[in-house]
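The values are calculated or read from the model by the stated rules, or taken from the named source; none is laboratory data. All figures in this text were calculated on a predicted structure; none of them were measured in a lab. Note that each Cβ is placed from the backbone with ideal geometry, even for glycine, and that neighbours are counted across all protein chains shown.
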Amino acid sequence: MKTNQLIGLLAQDRTAPVSRAPRFVGGIAAALAVSAVAVLAVLGVRTDLGAAVIDPATIMKWLLPLALALAAGIASLTLSRPDARGAPSLWLAGAIAVLAVGTILGEWITTPADMRWTEMRGYSIPGCLISIIAIAILPFGVAIYTLRAGASVKPGLSGAAAGLATGSGAAVAYAFHCNEDAPLFYLTWYGAAILIVTATGWLAGRHWLRW
């Protein structure tokens, strides 16, 4: 078959493309729920959860990573299409990241000098990092598996966005256990865990999502 004939056949194909969005969102949500329940069953849920989720000082533990997860998830799906030239929602994810960094700097400046490192270190850094990464593993695997059905022209970026989405979702889940409410702590170490998953997504995307 000649190239022109193939192009003509493809142009005549009126088959509607199958949307990956429901499978992507549903798969990640289910996997995240399973991972979160498993980890929280071991760690437990903070006893003052009801008060924490309505306290303006602590609600950012949920809202910031949730917004980041949504923006990055949309970006990852967008980038999985071969006709995608960019993902506008990545700008939103970048703005959220800038807000988080700005909040860290603001907290550092306004916190008394003798308390800065104490608040940033907290007492559960290893548990925080390990737990968020552990919660993210299953949904991250589901995300990469689902995106393999796409044809991203920027596989590394698409994988990184998937890692950012699942790492942020895992941070939301871990916050139901974590009672370290100093912004210097949770913005720094939640952010570090999310960055690790994002970097893993970049590497995985370059390997598994290229075509």
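Here's a check for you: in the stretch 72-130, which residue that is of a type in the set (Val, Ile, Thr) and under 18 Å from the mean Cα position of the chain (by Cα) is surrounded by the fewest Cβ atoms within 10 Å (Cβ to Cβ)? Break it down into steps so the answer makes sense when it comes.
The initial filter retains those residues of the stretch 72-130 that are of a type in the set (Val, Ile, Thr), namely 74, 78, 96, 98, 101, 103-104, 109-111, 118, 125, 130.
Still in the list and also under 18 Å from the mean Cα position of the chain (by Cα): 74, 78, 96, 98, 101, 130.
Working: Ile74: 20, Thr78: 19, Ile96: 21, Val98: 10, Val101: 13, Ile130: 14.
Only one residue fits best here, namely Val98.
For the stretch 143-155, a tally of residues being under 15 Å from the mean Cα position of the chain (by Cα) and within 21 Å of Gly94 (Cα to Cα) returns 1. Inspect the stretch 131-142 for any residue being in contact with a Ser or Thr (Cβ under 7 Å, 6 or more places away or on another chain), aromatic (Phe, Trp, Tyr) and either farther than 24 Å from Val25 by Cα or surrounded by 22 or more Cβ atoms within 10 Å (Cβ to Cβ) (or both) and give the result as yes or no. Scanning the stretch 131-142 turns up at least one residue that is in contact with a Ser or Thr (Cβ under 7 Å, 6 or more places away or on another chain), aromatic (Phe, Trp, Tyr) and either farther than 24 Å from Val25 by Cα or surrounded by 22 or more Cβ atoms within 10 Å (Cβ to Cβ) (or both).
For the criterion of being over 23 Å from Ala67 (Cβ atoms), of a type in the set (A, V, I, L, M, F, W, C) and modelled with pLDDT of 95 or more, Leu164 fails. The residue pairs whose first member lies in the stretch 39-67 and is touching a residue at least 24 places away in the same chain (Cβ under 8 Å) and surrounded by 12 or more Cβ atoms within 10 Å (Cβ to Cβ), whose second member is among the hydroxyl-bearing types (Ser, Thr, Tyr) and in a loop (DSSP other than H, G, I, E, B), and whose beta carbons are closer than 9 Å, counting only pairs six or more residues apart or on different chains, are Ala52/Thr58.
For the stretch 147-160, give me each residue that is surrounded by fewer than 24 Cβ atoms within 10 Å (Cβ to Cβ) and either modelled with pLDDT of 90 or more or within 12 Å of Leu32 (Cβ to Cβ) (or both). Listed by number, the residues that qualify are Pro155, Gly156, Leu157.
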